[in-house]
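What follows is calculated from the coordinates using simple rules that are stated; it is not laboratory data. The shown structure was predicted, so the numbers you read here are calculated from the model rather than taken from an experiment. Glycine gets a Cβ as well: all are built from the backbone with ideal geometry, and neighbour counts include every protein chain shown.
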Amino acid sequence: RDGGGMSLLRRGAWVAVVASVVALCVDTLPLEHLVSAEHLFLSGDTASFDAISPEDPVDVAVVLGYSLQDGVPTLPLVARVHLGVRLFCSGRARNILFSGAEGQDAGAFGTEAHAMARFAVTLLSMNHSLDSGRGARCAPPLEEYPRRVALHAVDITPVRDRRGQPLRVRELSGGAVFDENLGTVAREDFDWVLEESSTSTRENAVFSLEECHRRGWRRVAVVTNRFHQWRAERTFRTAAREAAARAAEAGTVEIFTAHMPAELELTTLFPPPGWGFIARSRELWRAQWNVVREVAAIALYFARGWIRA
């Protein structure tokens, strides 16, 4: 009996040693670079992503939603909003459209789109993500609370959400970009649109393009994480072709993919070494789970005809 007790103690000691080594490795080793390499592989050929310049900006940067935690954007969504605001403030995108309905943890707190808009205002107030290179400073929208888009309230659009209801769209307008070098206002008017009906990448594309068509926006940049870029771009291109076939007046929509810089994603997606085992393991697991889920989603979208080779 005593021998069995000692054996159990030795096993417990070995488990504790192994757990300590794993925790130390997760907390100190740059394991995020391994996961980031998987995300880069899923993004496809990054050299094929269209360059977006301030001289030839897109009409809108469409920032795709992701899950919230207690109404606050999770780290993958933080990276997306950073890039969307960077495109806007650098003059590469005239407007922003935040696309996302209630996430798993967002029902009592609002929508993903609303959480993204609030976080974007925070970034501007903290002077983050500007990176314009031209001395420009961004101003947030003049309105504090988004207003409902009247045309959707009176049931103008033929597109419906999965419940058969008209699309829920709100917007914030106003603001300006002031060029400190020239001493002039570089941009007069803009809209931040909140598309709050979509619950999947497919709905992100269909509902966002419907709103772009209503506003006459023809050049659209899709903003998302690298692991999601390949599927998102092709989903938007398929939805754009379907919209053009459905209505001749929809016209041709150019779809661009905003390249997510690796340094931006690494600094926002993963807590740095030394932040603790729990925080780092949670985000490393989330990033690895995104890879598994994305591979399954690509297969599903191919099977349903929502993306094409």
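Here the extension length gained between F302 and Q165 equals 46.6 nm, from 0.36 nm per residue of separation less the Cα-Cα distance. Could you check the simple spin-label distance between R282 and S67, using points 7 Å along Cα→Cβ, in nm with one decimal? Placing both labels 7 Å beyond Cα along the Cβ direction yields 1.1 nm. Under a 5 Å amide H cut-off, with hydrogens placed 1.01 Å from N, I307 pairs with F302 among residues at least 5 apart or on other chains. Working from label points 7 Å from Cα in the Cα-to-Cβ sense, the R293 to V121 distance is 2.8 nm. Working from label points 7 Å from Cα in the Cα-to-Cβ sense, the T252 to Y145 distance is 4.4 nm.
Segment S200..E263, full-extension length gain: 20.0 nm, with 0.36 nm per residue of separation and the alpha-carbon distance subtracted.
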